[in-house]
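Everything on this sheet refers to the single structure shown next.
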Amino acid sequence: MSGDAFRAGFACFVGRPNSGKSTLANAIMGTKIAITSSRPQTTRHVVRGVLHRENSQLVLVDTPGLHKPKTLLGERLNDLVRATWSEVDVIGLCIPADEAVGRGDRLIADEIAELKAAVVAVVTKTDLVSRAGLAEQLMAVSRLGNFAGGDQRNIFADVVPVSAVSGDQLGVLIDVMTGHLPPSPRLYPDDMITDEPEQVMVAELIREAALEGVREELPHSIAVVVEEMLPAEGRSPSDPLTKIYADIYVERQSQKAIVIGSGGSRLRDVGTRARQEIEALLGTRVYLDLHVRIAKDWQRDPKQLRRLGF
């Protein structure tokens, strides 16, 4: 095969929760395709972002972090991760530069060692460490690759340090990942950035806004459903308005009070923050109507999980 043949295929970032996967995917795409949060296990949907280059098309699949599940939702998210791993051409194992390689990294490395995909170790958050600290982490990651899977080969095809915040080495990482894609015609049209439905992306942006500044126990209990999304009638074509009606679901009355806040202050703040992001996504002004509802113990209830899109 010619080295300059057009290449196209699927890649995903994996790693333990909060290892920088979603932030990295957004940085590579240059636009928001996945919500981010300082809370672990923020990502719930597999989101595809399509990066178009002259000689390649890299389809990024953003997965939830693999974790020890405590609920039916957690089990389903892990199943989603493993199903994605088995279908991609390249896997980027994200390991933060500022945290020691741990048991969670080893478990994931052992599991992906069995897959057919090329595995690239991505040392994330390099802006948070010194050069000496980064060199030490790169050696630790290399050792991880040597011992993963129990055989004599290093499972990592490449090791790339990168910072999604500063952009350092982003181009190198893209080159490395596309180099492992198979020769192939384009998989998506040139103008497609993501195949995620707009309503799902809107719901995720609302959930991201709701996750900001809440107590430790709340993030995993929040789900968002967009009930209706439609253009406002009677508007001038030069000044369109999109009306969005969405419900934020929590599991208990005490959580509802947290999301709403004193006199509705937090919910207003959530609405303002979410509306700005949604307007950037849709390219129109937005009227956003939010309500907080209780779906008792929804993370453990198969029927409610289906209703909430899991």
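The values are calculated or read from the model by the stated rules, or taken from the named source; none is laboratory data. In this text, all values refer to a predicted model and were calculated from it rather than measured experimentally. Neighbour counts run over all protein chains shown; Cβ positions are idealised from the backbone, glycine included.
Quick one: which residue in 179, 145, 149 is over 19 Å from the mean Cα position of the chain (by Cα) and at pLDDT 95 or above?
None of the other options fit; the residue is 179.
Only residues in region 176-199 that are under 30 Å from residue 228 (Cβ atoms) count as the first member; pair them with residues that are among the acidic types (Asp, Glu) and surrounded by 17 or more Cβ atoms within 10 Å (Cβ to Cβ), Cβ under 8 angstrom, at least 6 apart or cross-chain, and list the lot.
Once the first residue is under 30 Å from residue 228 (Cβ atoms) and sits in region 176-199, no partner that is among the acidic types (Asp, Glu) and surrounded by 17 or more Cβ atoms within 10 Å (Cβ to Cβ) comes close enough.
Yes or no, residue by residue, for (1) assigned to a strand (DSSP E or B); (2) farther than 15 Å from residue 25 by Cα:
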position: 95; (1), (2): yes, no
position: 120; (1), (2): yes, no
position: 135; (1), (2): no, yes
position: 142; (1), (2): no, yes
position: 145; (1), (2): no, yes
position: 154; (1), (2): no, yes
position: 159; (1), (2): yes, yes
position: 163; (1), (2): no, no
position: 166; (1), (2): no, no
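If I go through region 278-310 residue by residue, how many of them are in contact with a Ser or Thr (Cβ under 9 Å, 6 or more places away or on another chain) and aromatic (Phe, Trp, Tyr)?
Summing the residues that are in contact with a Ser or Thr (Cβ under 9 Å, 6 or more places away or on another chain) and aromatic (Phe, Trp, Tyr) in region 278-310 gives 2.
Does residue 268 count as among the charged types (D, E, K, R), part of a helix (DSSP H, G or I) and more than 26 Å from residue 307 (Cβ to Cβ)?
So residue 268 passes the test.
From the list 272, 284, which residue is touching a Pro at 6+ places or on another chain (Cβ under 6 Å) and assigned by TED's automatic domain parsing to the domain that holds residue 230?
Sole residue among the options that is touching a Pro at 6+ places or on another chain (Cβ under 6 Å) and assigned by TED's automatic domain parsing to the domain that holds residue 230: 284.
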